[in-house]
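Q: Input: one structure, supplied below.
The values are calculated or read from the model by the stated rules, or taken from the named source; none is laboratory data. The shown structure was predicted, so the numbers you read here are calculated from the model rather than taken from an experiment. Methodologically, a virtual Cβ is constructed for each residue, glycine included, from the backbone with ideal geometry; neighbour enumeration extends over all protein chains shown. Quick note on the areas: whole protein, heavy atoms, side chains included, nothing else; ligands and nucleic acids left out. Shrake-Rupley method; radii C 1.70, N 1.55, O 1.52, S 1.80 Å.
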Amino acid sequence: MPPLNLTELEAALTDPFALASWLHYVYEYTAKDNGWETQKKTRVDFDNLPDENKRTMIEVAQRIIEKFQA
């Protein structure tokens with residue numbers, strides 16, 4: 001998933017799955033950019049993450065969305 005433009009980011013802030021996917025992409029990209037190697041099992045597209053990692057990221061995204069809506 002490429003970086004989001006403003007319209008896509010606004011849409012992601014209403015969709016926990018889309019936001020979680022973007023957060024995962026940013027996390028992996030930022031880690032690599034800073035020379036930190038993430039776990040091999042998480043160095044995959046969001047759709048291919050282990051279920052427990054995916055569920056956690058979606059929950060984080062949901063909490064962020066709820067905070068913005070408050």
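Q: Yes or no: the stretch 1-9 includes at least one residue that is open to solvent by 100 Å² or more (accessible area, probe 1.4 Å) and within 14 Å of the chain's Cα centre (by Cα).
A: No, there is no match, as no residue in the stretch 1-9 is open to solvent by 100 Å² or more (accessible area, probe 1.4 Å) and within 14 Å of the chain's Cα centre (by Cα).
Q: Report, ordered by the first and then the second residue, all pairs with beta carbons closer than 7 Å, sequence separation of six or more or different chains, a first member in the stretch 1-17 that is modelled with pLDDT of 75 or more, and a second member that is among the small types (Gly, Ala, Ser).
A: Matching pairs, first to second residue: ALA11/ALA18; ALA12/ALA18; PRO16/ALA61.
Q: Take the stretch 37-56 and flag every residue that is assigned to a helix (DSSP H, G or I) and either polar (S, T, N, Q) or open to solvent by less than 50 Å² (accessible area, probe 1.4 Å) (or both). First the steps, then the outcome.
A: Of all residues in the stretch 37-56, those assigned to a helix (DSSP H, G or I) come to 40-42, 46-48, 51-56.
Listed by number, the residues that qualify are THR42, PHE46, ASN48, ASN53, LYS54, THR56.
Q: Between residues in the stretch 29-40 that are closer than 17 Å to ASN53 by Cβ and residues that are part of a helix (DSSP H, G or I) and hydrophobic (A, V, I, L, M, F, W, C), which pairs lie under 7 Å by C-beta distance while being six or more apart or on different chains?
A: THR38/ALA31
Q: Among the candidates TYR29, TYR25, single out the residue that is assigned to a helix (DSSP H, G or I), open to solvent by 100 Å² or more (accessible area, probe 1.4 Å) and either at pLDDT below 95 or out of contact with any Phe, Trp or Tyr (no Cβ under 7 Å at 6 or more places or on another chain) (or both).
A: Exactly one residue qualifies, and that residue is TYR29.
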